[in-house]
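Before any comments, here is the structure.
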Amino acid sequence: MMGSGKTTVARILGDVLCIDKIDMDDEIEKAEGRKISEIFEKDGEAYFRSLESALLKELIERDGSFVVSTGGGIVLSDENRMLLKREKVIYLKVSLNELKRRVRLENRPLLGNDRTRMDDIYEMRKNLYEEFETLDTTHLGEWETVAKILYTLNLKDLAAFKESKIDSTVQDVHIEFGGLKELPSDKYVFTCEKVVELYGEFLPTRRFVLPNGERAKDISHVLDAYEYLLKNDVTRNDTLIGVGGGTVTDFTGFVSSTYKRGMNFTFYPTTLLASIDAAIGGKNGIDFAKYKNVVGTINIPAYVVIDPLCLISLPQETFIEGLVEGYKMALISGGEFYRLFLNDLNALLKRNLYALKTFIKTAVEEKLRIVEKDLKETSIRSYLNLGHTLGHAFESITELPHGLSVGWGLYKELEYFKVKGWLSKRDCEEMQETLKMFLPEGIIKMCVERVDRIHREEMGRYMANDKKVAQSGKVHIPILRGPGDVILEEVELKDLLAVV
């Protein structure tokens, strides 16, 4: 129906799959040199329907892969419906009330200036629409809708989307498109409310559901989880599966590592940040007294399955959190990964699956390369704290999401490195300009504005108690001197806070 978001969803889907996007109404307007409303007014609906049917026949015969958003009335013709059934067709079902809320009256000749006409149109067409595969998107955002559509496609049949194993002696990691659909049904799952809402149909019935976000990593939920496992007679020989973002993987890893002195666990991360960071490297933990991950373990999961399709559903800011982490890894690694990130950033912002797969694989490989040399974080694994020294403190006083806070911290730490003479002005400006390309405008505004004195003192108190502070009272921090050039130094806390 009109207002269901066909045009927007088709455009995004085309970008994600790197195929052409065709809007039938746009094509007809271009061919006729006039608006749909003008075609209806001058030549009538029957003439428009003839143009629509002719275009559909042409598209059906066209070679290649592309995504089409049809006009809402395409289903009125028996012949059109027969042609559509030769293709992969999704009906985006939206409740009538929601459609009325969304629809604007401009260029809607069937409505005139009266939204109530939608009642009759909806009633006339609904059975025809439901002849096709139906996806109820009433309560879904555009990215969630695209992700749901992707799960109906057989992408694994294409060579580019075959399962990919990441080579590492530390951790068994697989990139598997649609992997979430193949969760083992006989295991216990720890997940969160949002994952259940979007992908509950794929989850085993034996599930412990956490609240969304960082509040899941509270000791009270750990105690609830122990009680759940005991009530269900879960043994050390069972396997726990964490399905969710970084809070879920951190939580699952911690509970698994401590319940009955340790049991097997696996991860299916559902955010980009978790896929390239929290699920990788074996760090598991919970928060305590406002300090992030202050209680935890280092314990490697049996395996990790990263499903890029579920990452498409993420809200924009949540997706950006993963890009921040990936950019941090690119800065640490330098070389090919740094160039790859800069070259592919626009494609990544469109969530192109080809670019996303390469980005995830490279980021995970680079992190595991460091972890392989320093599992317990006694030396170079501390490089991964780039942006986190200020970022964690900023997160503690603002309660902004972790990835965005690290983006702020990275921006400010780059400034500090420049002031101290470690990083050239040119490199600093290039890196900060790159951050500006994807960090939300509000975060950038906070980057260029100074934090007030009270907040600066609060950040100082947090950092004084943070695990990165050395016995001398100085802050132990990775220093970036250029892409791929990182050293560890102890610096004065007051000097670091001076850039805030």
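The values are calculated or read from the model by the stated rules, or taken from the named source; none is laboratory data. All values reported here derive from a predicted model rather than from experimental measurement. Glycine also receives a Cβ, built like all others from the backbone with ideal geometry; neighbour counts cover every protein chain displayed.
Descriptive notes on the structure:
- The residue list G179, G244, G253 contains one member that is farther than 29 Å from S396 by Cβ, modelled with pLDDT of 95 or more and in contact with a strand residue (DSSP E or B) (Cβ under 9 Å, 6 or more places away or on another chain), which is G179.
- Inspection of region 432-447 finds no residue satisfying the criterion of being over 25 Å from the mean Cα position of the chain (by Cα), free of Cβ contacts under 8 Å to residues at least 24 places away in the same chain and part of a helix (DSSP H, G or I).
- Qualifying residues in region 286-295 (those that are surrounded by fewer than 20 Cβ atoms within 10 Å (Cβ to Cβ) and in contact with a strand residue (DSSP E or B) (Cβ under 6 Å, 6 or more places away or on another chain)) - the one nearest to G391 (Cα to Cα): N293
- Among residues of region 173-230, those that are among the aromatic types (F, W, Y), surrounded by fewer than 16 Cβ atoms within 10 Å (Cβ to Cβ) and not in a helix (DSSP H, G or I), counted: 0
- Tally of residues being of a type in the set (A, V, I, L, M, F, W, C) and more than 39 Å from the chain's Cα centre (by Cα) across region 28-65: 6
- Count - residues of region 218-263 that are free of Cβ contacts under 8 Å to residues at least 60 places away in the same chain, among the charged types (D, E, K, R) and closer than 19 Å to A289 by Cα: 2
- Positions within region 449-464 being in a loop (DSSP other than H, G, I, E, B) and of a type in the set (A, V, I, L, M), in sequence order: V451
- Residue in region 354-368 that is modelled with pLDDT of 95 or more, assigned to a helix (DSSP H, G or I), within 22 Å of M446 (Cα to Cα) and among the basic types (K, R) present: no
- Applying a threshold of 6 Å to beta carbon distances and a minimum spacing of six or more residues, or different chains, the list of pairs starting in region 278-303 at a residue that is within 19 Å of R215 (Cβ to Cβ) and ending at one that is acidic (D, E) reads A278/D250; N284/D250; G285/D250.
- Selected residue (criterion: modelled with the lowest pLDDT) from residues of region 378-404 that are outside any helix (DSSP H, G or I) and of a type in the set (A, V, I, L, M): L400
- Single residue of D307, D287 found to be modelled with pLDDT of 95 or more and among the acidic types (D, E): D307
- Only one of the numbered conditions (1) closer than 19 Å to R481 by Cα; (2) in contact with a His (Cβ under 9 Å, 6 or more places away or on another chain) is not met by W408, and that is (2).
- Test: residue in region 157-167 that is farther than 15 Å from P301 by Cβ, touching a helix residue (DSSP H, G or I) at 6+ places or on another chain (Cβ under 6 Å), among the aromatic types (F, W, Y) and part of a helix (DSSP H, G or I): yes
- Selection of region 298-345 for residues being within 22 Å of V196 (Cα to Cα), of a type in the set (S, T, Y) and either surrounded by 22 or more Cβ atoms within 10 Å (Cβ to Cβ) or in contact with a strand residue (DSSP E or B) (Cβ under 9 Å, 6 or more places away or on another chain) (or both) yields Y303, S313.
- Residues satisfying the stated conditions in region 420-437, i.e. over 14 Å from G482 (Cα atoms) and either touching a Pro at 6+ places or on another chain (Cβ under 7 Å) or crowded, with 18+ Cβ neighbours inside 10 Å (or both): L435
- A single member of A302, A278, A289, A225 is among the hydrophobic types (A, V, I, L, M, F, W, C) and within 14 Å of the chain's Cα centre (by Cα), and it is A278.
- Region 112-132: number of residues that are without any contact (Cβ under 8 Å) to a residue 60 or more places away in the chain, over 15 Å from V75 (Cα atoms) and surrounded by 13 or more Cβ atoms within 10 Å (Cβ to Cβ): 2
- Contacts under 7 angstrom Cβ, first residue in region 149-172 being under 23 Å from L368 (Cα atoms) and touching a residue at least 60 places away in the same chain (Cβ under 8 Å), partner β-branched (V, I, T) and in a helix (DSSP H, G or I), 6 or more apart: I166/V364; V170/V371
- Single residue of K367, K357 found to be buried (at least 22 other Cβ atoms within 10 Å of the Cβ), among the charged types (D, E, K, R) and under 22 Å from N343 (Cα atoms): K367
- Put simply, of T134, T138 the only residue that is among the hydroxyl-bearing types (S, T, Y), under 33 Å from the mean Cα position of the chain (by Cα) and assigned to a loop (DSSP other than H, G, I, E, B) is T138.
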